[in-house]
Amino acid sequence: MPKQPKLTDLQLILLTTASGRADGSIFPIPDSLNSDDPGLDKGLRGLLAKKLVAEANVAKPALTWREEDDRCIGLSITDAGREAISVEPEGGASGGASEGPAATPPLPEKPATGVKAGTKQALLVEMLEREGGASLDEITAATSWLPHSARAMLTGLRKRGFMITNEKVDGLRRYRATKADA
């Protein structure tokens with residue numbers, strides 16, 4: 001199993017947001033982040049250096065990271081970026097950003113949930129589908145995610161068609177998931 005890259009909170013948020021977009025674009029930056037933050041550019045350059053995002057030509061100014069001559073260049077999450085946050089690449093698409101000419105081995109078939117077996121995301125789904133669901137503490141202990149990353153993954157599951165519910169049981173919030181009918 002390849003070593004997971006170390007990511008900052010900012011980078012996790014950027015990758016998680018991009019993974020939920022159909023085009024995989026990093027831009028526009030989520031409202032929860034300050035687009036004037038000097039650390040933003042550093043974080044983006046770090047993702048680019050780790051090949052977790054790749055540059056691609058974009059048509060919309062809102063998706064532009066930088067301009068070169070008369071071209072607008074944006075950033076899109078790569079398959080490696082999706083794997084870094086334990087999100088299954090969707091149909092091999094990485095927002096037009098390839099990781100090189102090397103052929104990648106075929107991915108295991110996705111189960112009906114659309115989540116790759118053996119990943120932390122699959123573990124999360126399993127925990128959420130059990131009778132009592134799971135608390136945030138249980139999720140973070142099992143996955144080694146920080147609480148905000150666990151919440152972002154819950155949001156990602158919602159975007160994949162899961163019905164995520166939560167309720168307080170004995171003063172502790174518990175999350176449950178069911179696959180919504182398509």
Apply 1/(1 + (r/R0)^6) to the Cβ-Cβ distance of ILE73 and VAL169, taking R0 = 41 Å, and write down the FRET efficiency to the nearest 0.05. 0.25
Within straight cross-link reach of LYS60, meaning Cα distance under 15 Å, which aspartates and glutamates are found once same-chain residues fewer than 8 apart are removed? ASP23, GLU68, ASP70
Entries in LYS42/LYS179; LYS120/LYS168; LYS6/LYS168 that, when Cα-Cα distance is taken, lie over 31 Å: LYS42/LYS179; LYS6/LYS168
Ranked highest first by average number of other Cβ atoms within 10 Å, how do 41-54, 12-25, 73-86 line up? 73-86, 12-25, 41-54
Tell me, how many Å apart are the Cα centres for region 28-53 and for region 122-137? 31
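Run the numbers for GLU126 and HIS148: contour at 0.36 nm per residue of separation, minus the present Cα-Cα distance, in nm.
Once the chain is fully extended between GLU126 and HIS148, it gains 6.0 nm.
Throughout, read-outs are computed from the coordinates displayed, never taken from laboratory work. Here the structure is a predicted model, which is why all the values come from computation and not from measurement. Positions of Cβ are generated from backbone atoms using ideal geometry, with glycine treated the same way; all protein chains shown enter the neighbour counts.
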